[in-house]
């Protein structure tokens, strides 16, 4: 595949991210996030993801790989070889995708619980859903508090076409959900490290049982069998929910009366007040909310020629379709309606937006602000929390470009 | 990327294609097409397309690579690494994609003709269009007359997201189309072999000038810069028109009073009566028409278990959206309405269809028949022509499967 048009150092990309711009009218950089993100030199791709397009991604670690902001393009779909990776545990061995149809998932909390193979799942139903897959911590790199965890900016997200059997068809085939079950709990098939309490590391997440209506047990993404790095042979897809709720290598799907007591559910991925630890009393990171960002122009494009520019980016509503996007070229003082372009792939997909603007010589702070069909407007500021989750701040996602 | 689940010999795939099924109720194989297609052993991928997924394609020659029928999946979009290749001339050197923005195209037949770089094109407009790209000869392998040319079955087609500037925006920026121009003529940037009349080999095609309304000058496909193998850095995209009209490495886009006199236009790609040669009096191969085919189950899946099966495939209308698809499990004697699934990516994209069916023990001939929004119905029989173009016959595209 061809190399991406721009491959300037990552540092230049990050210096374009700014926050609290509306007040200042100019960028004030987050030195904290910058220091974190600019430190390591380019790392090699880990073996299980060695087929990723090295030019299009930032390798943070063997289990955390981010899409470069400049690589998103304008084709709606994020190619699999550019899509981010965030694994809570190392991937299982490649052997689990040797015979994909033989993979089995235990279905519990239904009237007739049993194991079902992918081969059989393929006879039960078929649906294709386009969905934004986004890590709960996407945008963490913009928090001045330097939360622990990967300092993702925008690239722990992508728009992916998933194909598989609707969970509702599976449930129907097994007699329906058992009485009293309030949650849909998925358990991942990762190999657990020996010698420690499984509950402390197992990837097991609960979402409200109603989420089954749009959920899939998926075996295909973007036209190919799901790669191991992305959860193949079988992944639970819960449209509108952050990445961690979309269980990879799913080995059990259970309808349960209680939320899982696995640590990743009870204490992990909680919206904790700054300075506090996660606990079950705090809100869990689940549904995504309205968000957008600009992907071009970017600071790493270098100084722009004066004149007309097509400002473009992506916008999504999480649980609701995007109604519209506004773009500002003055750090949020004034806004203009952008045009939505390209195919509408459904309410869980992102839309592309474009605003044609005339940029005179000087420095410009470009921001985007999306509104969903429920009237929710992307906020100016992030919701502060200890772990840096759910950053939808338009100010944090603004970029500063220079016109020569 | 993971290997495709099935990689049985090509021969088994091809033996499932049948024609004139409705009358017989069973498959009568085209021995001609089979003999042609089964002859060569697997060939290696040519260098410029060495990044293609070898398991998902059939390499006919260095300039003709077909997607396996079993590789289409159910995610609407055809991944670039599985998309077919059909080049009329060898690809230009990789150096032309070293600086993509520097590529220039000469625009002629407008009020203010001039050269424009990709860099400047990116300031003029932006649109994203999803389109079925299909070789004029897709389905040629089903012609019993054994036309010369690649014996494609279904895999010289794919559904691709293209992104670039609308031709209408370029034309507007240059003062509009000059008076009296009836055609839009694109010229490819291939290196021509020395010592022969350029007109005899140059890739130059004319389409009606009205096609400019939906056409793009595209620099991106499926989220990445267009690979050299597919026409990067810049390709003319004429939605609804067969592959050859979508000029790769476009170096000139001209609005002209006459059709091009290049041989590929005047004598090539003509619907010639069997036994005759192409000439300018015959219809040119341009707009696609309504077509569909089944991608699963296929004979190479081996004998099916008795029971429920999800019969799925793709359908497109060419110039019009698909209204519906019917599926037959008895070789066309009776039909049932299939369900359209997944995102509708616009009238030039294909739709996925699914029919859940109960298949008893025995042999079954599965066929699909699409209808477009204009009421055009996919025909039972192919239109006979010398070169094997535009095969939309539902009987030719039927498959025979066995239930054990």
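The values are calculated or read from the model by the stated rules, or taken from the named source; none is laboratory data. This one's a predicted model, so the numbers in the text were calculated from it and none came from an experiment. Neighbour counts are summed over all protein chains in view; Cβ atoms, including those assigned to glycine, are modelled from backbone coordinates with ideal geometry.
Brief remarks on what is shown
- Being surrounded by fewer than 24 Cβ atoms within 10 Å (Cβ to Cβ), in a loop (DSSP other than H, G, I, E, B) and either more than 14 Å from chain A (Cβ to nearest Cβ) or modelled with pLDDT of 95 or more (or both) is a property that residue B:148 has.
- Considering residues of segment B:50-64 that are under 24 Å from residue A:75 (Cα atoms) and either crowded, with 24+ Cβ neighbours inside 10 Å or in contact (Cβ under 8 Å) with a residue 24 or more places away in the chain (or both) only, the residue farthest from the other protein chains (Cβ to nearest Cβ): B:57
- Count of segment B:101-114 residues which are surrounded by fewer than 21 Cβ atoms within 10 Å (Cβ to Cβ) and within 13 Å of chain A (Cβ to nearest Cβ): 2
- Residues within segment A:65-79 that are touching a residue at least 40 places away in the same chain (Cβ under 8 Å) and more than 14 Å from chain B (Cβ to nearest Cβ), tallied: 1
- Scanning segment B:246-271 for residues that are crowded, with 19+ Cβ neighbours inside 10 Å and in a loop (DSSP other than H, G, I, E, B) returns B:246, B:247, B:248, B:249, B:260, B:262, B:269.
- Answer residue from segment A:115-131, given it is assigned to a strand (DSSP E or B) and over 26 Å from residue A:201 (Cα atoms) and is farthest from the other protein chains (Cβ to nearest Cβ) among those: A:131
- Scanning segment A:80-90 for residues that are outside any strand (DSSP E or B) and more than 12 Å from every other protein chain (Cβ to nearest Cβ) gives A:84, A:87, A:88, A:89, A:90.
- Scanning segment B:317-343 for residues that are within 14 Å of another protein chain (Cβ to nearest Cβ), closer than 29 Å to residue B:305 by Cβ and part of a loop (DSSP other than H, G, I, E, B) gives B:338, B:342.
- Scanning segment B:37-49 for residues that are closer than 21 Å to residue A:79 by Cβ and in contact (Cβ under 8 Å) with a residue 60 or more places away in the chain yields B:48, B:49.
- Count of segment A:344-390 residues which are within 14 Å of chain B (Cβ to nearest Cβ) and either in a loop (DSSP other than H, G, I, E, B) or touching a helix residue (DSSP H, G or I) at 6+ places or on another chain (Cβ under 7 Å) (or both): 7
- Taking segment A:290-314 as the range and being surrounded by fewer than 19 Cβ atoms within 10 Å (Cβ to Cβ) and in a loop (DSSP other than H, G, I, E, B) as the test, the residues that pass are A:302, A:303, A:305, A:306.
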